[in-house]
Amino acid sequence: MLLELKHIYKNYLQDKIVIPVLKDVNISIDEGEYVAIMGPSGSGKTTLMNIIGCLDRPTKGEFLLEGESIVNYNENRLSDLRLNTLGFVFQSFNLLPKQTSLDNVALPLSYAGVPVKKRKEIAFQALKRVGLAERVHFRPSQLSGGQQQRVAIARALVNNPKIILADEPTGALDSRSGIQVMNLFQQLNEEGVTIIMITHDANIANHAKKVLHIFDGEIVEDKERKEKQQAEVQSEKEAKNDTVFSEIEQDFGVKEWEGEI
């Protein structure tokens with residue numbers, strides 16, 4: 001198991017009043033999964049994202065990453081996780097406006113101590129991977145919203161993280177650019193990248209292979225998909241029964257039972 005949250009609670013203190021935000025959250029995610037966590041505003045999804053991304057700590061509960069508990073990690077160890085294990089994609093891109101695409105993507109590598117020449121080579125390959133090999137020297141203001149988000153995705157990928165965390169990745173994009181970004185996530189997942197996406201949009205969530213709903217700080221399995229799967233199973237059973245009955249009709253030459261026993 002790549003990531004496990006067990007009985008996670010998160011409370012905030014406001015004017016000496018305890019405000020519960022997350023309540024007994026349990027999540028398990030395997031390597032290579034593509035998971036969407038969907039919920040309305042105020043549901044706790046951003047708080048959950050911050051905990052998964054090691055930007056905040058739970059009030060209570062267990063957080064396992066590759067089988068190791070990280071709840072008691074100090075800030076330096078959490079920083080290492082954010083740098084080397086987790087990649088972040090934000091709704092607002094968070095690109096440095098005066099830096100080129102290449103420099104923006106190379107930034108995490110500079111924090112990791114990678115030499116300048118090597119990090120530019122790696123950053124270029126990351127931009128090439130997201131289809132922006134010809135935009136490496138463009139600044140954010142010279143790029144469309146979709147292109148800026150692809151730069152942000154390249155930056156998230158540059159350290160080969162085990163998990164990509166995407167917080168409303170299409171929220172600031174037009175529909176066409178949004179589709180392009182979702183297609184890119186699909187491609188990356190097919191290449192083996194684990195993706196956890198936070199969204200309020202059902203259409204965006206449906207791109208994921210697994211959808212979890214969060215309401216009032218509690219995780220609920222995707223009931224709609226389960227109900228659909230159950231309906232499909234029932235339909236298959238009924239179709240099979242119809243086939244068996246049809247074969248009986250053919251064998252005995254009976255089209256319909258008429259009369260009483």
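The values are calculated or read from the model by the stated rules, or taken from the named source; none is laboratory data. Given the structure is predicted, the values throughout are model-derived calculations rather than measurements. A quick note on method: Cβ atoms are made from the backbone with ideal geometry, for glycine too, and the neighbour counts reach across all protein chains shown. Accessible surface is based on the protein model in full, side chains and every heavy atom, while ligands, DNA and RNA are left aside. Shrake-Rupley method; radii C 1.70, N 1.55, O 1.52, S 1.80 Å.
Odds and ends about this structure:
- 32 Å Cα-Cα threshold exceeded, pairs from LYS118/LYS162; LYS16/LYS209; LYS120/LYS162; LYS98/LYS128: LYS16/LYS209
- Each of the peptides 209-217, 78-86 was scored by the mean count of other Cβ atoms within 10 Å over its residues; in descending order, highest first, they stand as 209-217, 78-86.
- Per residue convex hull volume, Cα atoms of the chain, in Å³: 218
- Seen from GLY146, the other residues with C-beta closer than 12 Å to its C-beta sum to a net charge of +2, counting Lys and Arg as +1 and Asp and Glu as -1.
- Mean sequence separation of contacting Cα pairs (under 8 Å, at least six apart), scaled by the length of the chain, corresponds to a relative contact order of 26 percent.
- Taking every protein chain into account, the accessible area of the stretch 91-226 amounts to 50 square angstrom per residue (probe 1.4 Å).
- Near THR100, no amide H atom lies under 5 Å from its own; only residues 5 or more places off or on other chains count, and H is placed 1.01 Å from N.
- The residues TYR9, TYR73, TYR111, TYR34, sorted by heavy-atom accessible surface at 1.4 Å with ligands and nucleic acids left out, run TYR111, TYR9, TYR73, TYR34 from largest to smallest.
- Carbon/sulfur fraction of accessible area - the chain, other protein chains in place, 1.4 Å, %: 48
- Environment charge of THR199, counting only residues whose C-beta is closer than 10 Å and scoring Lys/Arg +1, Asp/Glu -1: -2
- Taking every DSSP beta bridge that has both ends in the chain, the antiparallel portion is near 50%.
- Cα radius of gyration and Dmax for the stretch 31-159 (Å): 16.3, 48
- Summary value for the stretch 1-96: 31 percent relative contact order, contacts being C-alpha pairs under 8 angstrom separated by 6+ residues.
- Over all distinct Cα-Cα pairs of the stretch 178-217, the Kirkwood formula returns a hydrodynamic radius of 11.0 Å.
- Amide hydrogen neighbours beyond the local backbone of PHE215, cut-off 5 Å, H modeled: VAL220
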